[in-house]
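Chemist: The structure under discussion is supplied below as structure tokens; questions concerning it will follow.
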Amino acid sequence: MSATAAAMGLVSCRACGQLNRARAGARARCARCGSELRSRKPEATARTTALLAAAYVLYLPANLLPILETGEIGGAKAADTILSGALKLWHGGWWPLAIVILIASIVIPFAKLVVLTWLVISVRRGSAARLRGRTRLYRLVDVIGKWSMVDIYVGALLVGLVQFEPLATVSPGPAAIAFGAVVVLTMLASHSFDPRLLWDAAGARRG
């Protein structure tokens, strides 16, 4: 395995991109802009693990509790979870919207949790298998994270559609807060993880 910049005492400034020399573990500042130099994100695996644990806890109520409550003024109200709401849209002929909700609200958040968990475990175990593939997978998760709020916009669209009906009302259910928290936590977990640790752990194992 080729030598890394950190192993050669080189650190790139995250603020201005200047390449600096710095001893491993020593506090140093960029020669150009004075920003503190860090070769790796501090406590990346611990932070990512904590964020993932919180996201797992909230994932169940986000999908099991009602996310929207709809009804007519003075009449009975209906409460729908993400899944039941998507099924109603499907049976009502809105199948493209139903597919978007299922993918954005159930499949993608769970896939991100599983992938990030696997990456953290592989770092802790010092696995050297399929490093390029795992790095690309992290990049994919990071890119998908930028679209994680798509379901919030879909929910806003549904609110608008219901409000156009005469005497119809709609309000967010208790799962809305949990779902929003899951989205934010998975985004933070992805941002906290440092993919360079995948290569560091593999290099330490080979060494």
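Chemist: Multiply the residue separation of ARG130 and MET8 by 0.36 nm, subtract the distance between their alpha-carbon atoms, and state the gained length in nm to one decimal. Write down the numbers at each step before the final one.
Modeler: Numbers: separation 122, 0.36 × 122 = 43.92 nm, distance 2.41 nm.
Extra length from ARG130 to MET8 when fully extended: 41.5 nm.
Chemist: Using the Karplus curve 6.51 cos²θ - 1.76 cosθ + 1.60 with θ = phi - 60°, what ³J(HN,Hα) values do you get for each residue of region 50-59, in whole Hz, with x for Gly and Pro?
Modeler: 5, 5, 5, 4, 5, 5, 4, 4, 8, 5
Chemist: Let me ask you something else. Can you give me the long-range amide H partners of ALA78? Hydrogens built in the peptide plane at 1.01 Å from N, cutoff under 5 Å, separation of 5 or more residues or another chain.
Modeler: Amide H neighbours of ALA78: THR70, GLY71.
Chemist: May I pose another question? When a footprinting reagent is the concern and you count Cβ atoms within 10 Å, what order do ARG38, ARG139 take, fewest first?
Modeler: Values: ARG38 15, ARG139 11.
Starting with the residue having the fewest Cβ neighbours, the order is ARG139, ARG38.
Chemist: Right, something else. When only DSSP loop residues count, what trypsin sites (Lys or Arg not before Pro) in region 39-136 have their Cβ near at most 16 other Cβ atoms within 10 Å? Don't jump to the answer; show the numbers that get you there.
Modeler: Numbers: sites: ARG40, ARG47, LYS77, LYS88, LYS112, ARG124, ARG125, ARG130, ARG132, ARG134, ARG136; in loops: ARG40, ARG130.
Sparse-neighbourhood loop trypsin sites (Lys or Arg not before Pro): ARG40, ARG130.
Chemist: Roughly how many nanometres apart are two label points built 7 Å out from the Cα toward the Cβ at ALA78 and ALA50?
Modeler: Simple spin-label model gives 4.3 nm for this pair.
Chemist: Sum up the charges of everything whose Cβ sits under 15 Å from the Cβ of ALA53, counting Lys and Arg as +1 and Asp and Glu as -1, but leave ALA53 out. All intermediate terms of the calculation are to be shown ahead of the outcome.
Modeler: On the way: positive: ARG47, LYS112, ARG124; negative: GLU43.
Within the 15 Å Cβ shell, the charges total +2.
FYI, it's all coordinate maths here, none of it is from the lab. Predicted model, so just to flag it, every value in this text is computed and none were measured. When we count neighbours, we look across all protein chains shown, and the Cβ atoms used for this are built from the backbone with ideal geometry, even at glycine.
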